[in-house]
1. Got at least one residue in segment 68-85 being under 22 Å from ASN9 (Cα atoms) and polar (S, T, N, Q)?
2. For segment 96-117, how many residues are out of contact with any Leu (no Cβ under 7 Å at 6 or more places or on another chain), assigned to a loop (DSSP other than H, G, I, E, B) and either in contact (Cβ under 8 Å) with a residue 40 or more places away in the chain or crowded, with 17+ Cβ neighbours inside 10 Å (or both)?
3. Count, please, the residues in segment 94-120 that happen to be out of contact with any His (no Cβ under 9 Å at 6 or more places or on another chain) and either more than 18 Å from SER71 (Cβ to Cβ) or among the hydrophobic types (A, V, I, L, M, F, W, C) (or both).
4. Given the criterion surrounded by 14 or more Cβ atoms within 10 Å (Cβ to Cβ) and closer than 20 Å to SER113 by Cα, identify the matching residue among PHE49, PHE82.
5. Which condition breaks for SER30 when tested against (1) within 13 Å of the chain's Cα centre (by Cα); (2) within 20 Å of TYR107 (Cα to Cα)?
Amino acid sequence: MAYEYFNNNPSDKLVGDCVVRAVSLATNESWDKTYIALSLLGFLMKDVFSSNSVWGAYLMQNGFDRDAVSSYCPECYTIADFASEHPKGVYVLATGTHVVTVIDGIYLDTWDSGSEIPQYFFKK
């Protein structure tokens, strides 16, 4: 398991902005730029920026592809498992209530979300 603390929120907030943190990290953009871009896309799509359809569309516009998580033990396959099985590359994982980025086998978050169960992911 490889967890690393990451928080690029300019006000150092720890909750409520996981989509912005994860997407900005994966796209190598600032938190501010990502927040504005997601908000604009959400406005155009008539949805909130944190909805799966909005941030997923944003990632796809930025060269990411969506993929399914392995169906092997779907109730026990964790973010930590995913990270250990993906030692190279940039991924954004969705759990249904949380979003986290994995880069080269390390999941970066404001808390150790490694025990969460990913439902799907985007990869670049």
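The values are calculated or read from the model by the stated rules, or taken from the named source; none is laboratory data. The shown structure was predicted, so the numbers you read here are calculated from the model rather than taken from an experiment. For neighbour counting, all protein chains shown are included, and Cβ atoms are generated from backbone atoms with ideal geometry for every residue, glycine included.
1. No, segment 68-85 contains no residue that is under 22 Å from ASN9 (Cα atoms) and polar (S, T, N, Q).
2. 8
3. Residues meeting the conditions: 16.
4. Working: PHE49 fails: closer than 20 Å to SER113 by Cα.
That would be PHE82, the only listed residue that is surrounded by 14 or more Cβ atoms within 10 Å (Cβ to Cβ) and closer than 20 Å to SER113 by Cα.
5. Of (1) within 13 Å of the chain's Cα centre (by Cα); (2) within 20 Å of TYR107 (Cα to Cα), only one is false for SER30: (1).
One line per residue, one yes/no per condition, for (1) at negative phi; (2) touching a helix residue (DSSP H, G or I) at 6+ places or on another chain (Cβ under 9 Å); (3) at pLDDT 95 or above:
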residue	(1), (2), (3)
ASP47	yes, yes, yes
ASN62	yes, yes, yes
ALA68	yes, no, no
ALA80	yes, no, yes
PRO87	yes, no, yes
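Okay, residues lined up against (1) outside any helix (DSSP H, G or I); (2) more than 22 Å from TRP111 (Cβ to Cβ):
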| residue | (1), (2) |
| --- | --- |
| ASN7 | yes, no |
| THR34 | no, no |
| LEU41 | no, yes |
| ASP47 | yes, yes |
| CYS76 | yes, no |
| TYR91 | yes, no |
